[in-house]
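**Q** Sharing a structure here in structure tokens format.
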Amino acid sequence: MRIELFSSAGNELIAVLGTSVILAMIIFAAGLLVGSLLRSGPGRLVAGIMLKAARPFRLGDIISGGGVTGTVSSISWFNTVLVMPDNATLLVPNVNLMEGTIVNHTAKGTRRIDIMFGIEHGGDIDAAMDIIEEVLSKDPRVLDIPPPRVAVTEYCTCGVVLVAQPWVSAGDCWQVRSETTASIHKLFDAEGVHMHCPREDARKCRHDG
């Protein structure tokens, strides 16, 4: 009698809410349970198991997660060791990685770099684009496929914003970004191409208009 009563009540609940709503409630409850478990003592081990099962990164990968960025040096059941750009070693709990977003900067082998340059109104846009293309074409680390792209990305009150988008090997990303930016700035100065603001302010200027 009691079993029939529960069965009848369950059928009525499904009829009122629908199977999709019931399923969503179950998934939500399961998510709360997993989140609570991850923050507990045994949850640290669970986080390690989930991390090893998902394998979002490997030894030697450069990742961002848990609020830090570094090269993966070792992975244990409880922690992941990252080597920072200044060669400092950081022990990151796996639970911190699993609770947030993990960005693997080297998983695909190649990366596209986006470098913004602001050119003042009235400046020679064609000359600026030619300079950028020249610098990219002379750098052997810039890949031919996909080909590098140089384009006008936006107009703003400060001027025109150009974007250089070369593809490079993941390990060359940071060095190419730095050296390419420096080389283009030097040629801009030599050729009289005036920037409307320092490069680090380009993103802010893009939203002025």
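The values are calculated or read from the model by the stated rules, or taken from the named source; none is laboratory data. Note that the structure is predicted; figures quoted are calculated from it, not measured. Note: ideal-geometry Cβ built from the backbone for every residue, glycine included; neighbour counts use all protein chains shown.
**Q** For residues in region 76-98 being in contact with a Lys or Arg (Cβ under 8 Å, 6 or more places away or on another chain) and surrounded by fewer than 19 Cβ atoms within 10 Å (Cβ to Cβ), which is modelled with the highest pLDDT?
**A** We begin by selecting, within region 76-98, every residue in contact with a Lys or Arg (Cβ under 8 Å, 6 or more places away or on another chain); these are 77-78, 93-95.
Still in the list and also surrounded by fewer than 19 Cβ atoms within 10 Å (Cβ to Cβ): 77-78, 93.
Details: W77: 87, F78: 87, P93: 90.
Taking the candidates together, the pick is P93.
**Q** Can you spot a residue in region 165-174 that is farther than 20 Å from H105 by Cα and buried (at least 17 other Cβ atoms within 10 Å of the Cβ)? If you could, list the steps in order and put the result at the bottom.
**A** So in region 165-174, the residues farther than 20 Å from H105 by Cα come out as none.
Looking for residues that are farther than 20 Å from H105 by Cα and buried (at least 17 other Cβ atoms within 10 Å of the Cβ), one finds none in region 165-174, hence no.
**Q** Among the candidates I145, I119, I131, which residue alone is under 30 Å from L187 (Cβ atoms) and in a helix (DSSP H, G or I)? Steps first, answer last, please.
**A** On the way: I145 fails: in a helix (DSSP H, G or I); I119 fails: in a helix (DSSP H, G or I).
The conditions single out I131.
**Q** If we scan region 158-177, do we find a residue that is within 30 Å of G70 (Cβ to Cβ), of a type in the set (K, R) and part of a strand (DSSP E or B)? Walk me through it before giving the result.
**A** Going through region 158-177, the residues within 30 Å of G70 (Cβ to Cβ) turn out to be 163-177.
After this cut, where a residue has to be of a type in the set (K, R) as well, the list is 177.
Still in the list and also part of a strand (DSSP E or B): none.
No.
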